[in-house]
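**Student:** Take this structure first; my questions come after.
The values are calculated or read from the model by the stated rules, or taken from the named source; none is laboratory data. Here the structure is a predicted model, which is why all the values come from computation and not from measurement. With ideal geometry, Cβ positions are generated from the backbone for all residues, glycine too; neighbour counts draw on all protein chains shown.
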Amino acid sequence: MENAIEVSSLSKYFGEIRAVDGISFQVKKSELFGFLGPNGAGKTTTQRMLTGILKPNSGTIHIMGFDLFKHPSDAKMLMGVVPEMANPYIDLSAWDNLMLMGELYGVPKRKRKQKAMELLEIFSLQDRKNQKTKGFSKGMKQRLILAMALIHEPELLFLDEPTSGLDVQSARLIRNLVRELNSNDTTVFLTTHNIEEANQMCARVAIINSGKIAAIDRPENLRNTIQSLQSVEVTFAKAINDLESLQTIENVSEIRKEGDKLRLYTDKPGDVACQLVEYAKAHELQVLSLNTLGPSLEDVFVHLTDTKGEQNAS
């Protein structure tokens, strides 16, 4: 068995609203898989079906070979789940939250105590072991929720926006821990709207829009599929506020100002780079940097979701 998750023709309706529309995909064992989409695209609905919280109207889900709805207990024992809006029990200490979760998953008392101590140290919560979690910061609560999801050593970890709203240090800590778990063969299904996070962490990503899968591939392959979104990025020593003067440069479809840089979208980046050098000479400008860039994953995301949205609207 090569796949940790196998989804076939999965659909979910809420009245007349088609939240998820016949999607199919697989997630390989030991893969860190990203699931992206704009708000309302069907991301969270899909994850809730994959974790057995919602029942689909049609389709099948297999978790490590188990049919999720025919053998729910077998499948769920292999999962760790970190929902987007989760909180620990605030009137319990960090230690008691871990003990409760371990007991719910049937982890023997001696083993869950040993595992809880390991997790508290890994997540830098050992000094707060006996404190009630009502006084924890959001970052500390999120770390504890992740520790609770790992108390039974799951083979498959579901994460829904795990770093949303966290400070930079807490978000970085959680990302590093997730990478380490994945390097030790834990399969990770990461639902996120943070495109850069998915780009940095995931071996493959799926983009869902209007309930349908728009694309599934490695981030680099997705970028290479849309050559029209190549660009040239230039920084001049003197800021250019009037972009109309750049309209004389040929083969440019769009010009964006990004901080102190200008980004010119083109399917002929080499020609545009040469024209920018000539433009700088003509206007007595010093070029500080000049780079040709392929499309970013964000460019691909916007392109696919806009295109699919237009098609569905029509």
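**Student:** Identify, from the list ILE195, ILE240, ILE216, the residue that is modelled with pLDDT of 90 or more and among the aliphatic types (A, V, I, L, M). Steps first, please.
**Tutor:** Working: ILE195 fails: modelled with pLDDT of 90 or more; ILE240 fails: modelled with pLDDT of 90 or more.
None of the other options fit; the residue is ILE216.
**Student:** Hey, another quick one. Could you check the stretch 60-175 for helices (runs of 4 or more DSSP H) lying wholly inside it with 1 or more residues that are basic (Lys, Arg) and surrounded by 20 or more Cβ atoms within 10 Å (Cβ to Cβ)?
**Tutor:** On the way: elements: 72-76, 94-104, 109-122, 138-150.
Because the criterion is at least 1 residues that are basic (Lys, Arg) and surrounded by 20 or more Cβ atoms within 10 Å (Cβ to Cβ), the helices (runs of 4 or more DSSP H) in the stretch 60-175 that meet it are 109-122, 138-150.
**Student:** Do the conditions hold for ARG204, that is, is it modelled with pLDDT of 85 or more and exposed (fewer than 13 other Cβ atoms within 10 Å of the Cβ)? Break it down into steps so the answer makes sense when it comes.
**Tutor:** Values: modelled with pLDDT of 85 or more: yes; exposed (fewer than 13 other Cβ atoms within 10 Å of the Cβ): no.
For ARG204, the condition - modelled with pLDDT of 85 or more and exposed (fewer than 13 other Cβ atoms within 10 Å of the Cβ) - is not met.
**Student:** Which residues, counting only those in the stretch 143-170, are free of Cβ contacts under 8 Å to residues at least 24 places away in the same chain and in contact with a Gly (Cβ under 9 Å, 6 or more places away or on another chain)?
**Tutor:** The first filter runs over the stretch 143-170 and keeps only residues free of Cβ contacts under 8 Å to residues at least 24 places away in the same chain, leaving 168.
Result: no residue meets the conditions.
**Student:** Is there any pair linking a residue in the stretch 15-33 that is without any contact (Cβ under 8 Å) to a residue 60 or more places away in the chain and not assigned by TED's automatic domain parsing to the domain that holds HIS62 to one that is part of a loop (DSSP other than H, G, I, E, B) and of a type in the set (A, V, I, L, M), with Cβ under 8 Å and at least six apart or on different chains, and which?
**Tutor:** Within 8 Å, no pair qualifies.
**Student:** Does the stretch 216-236 include one or more residues that are surrounded by 17 or more Cβ atoms within 10 Å (Cβ to Cβ) and more than 28 Å from the chain's Cα centre (by Cα)?
**Tutor:** Checked the stretch 216-236: at least one residue is surrounded by 17 or more Cβ atoms within 10 Å (Cβ to Cβ) and more than 28 Å from the chain's Cα centre (by Cα).
**Student:** Still on this structure, I have one more. Would you mention how many residues in the stretch 34-59 are in contact (Cβ under 8 Å) with a residue 60 or more places away in the chain, surrounded by 17 or more Cβ atoms within 10 Å (Cβ to Cβ) and part of a loop (DSSP other than H, G, I, E, B)?
**Tutor:** Residues flagged as in contact (Cβ under 8 Å) with a residue 60 or more places away in the chain, surrounded by 17 or more Cβ atoms within 10 Å (Cβ to Cβ) and part of a loop (DSSP other than H, G, I, E, B) within the stretch 34-59 amount to 5.
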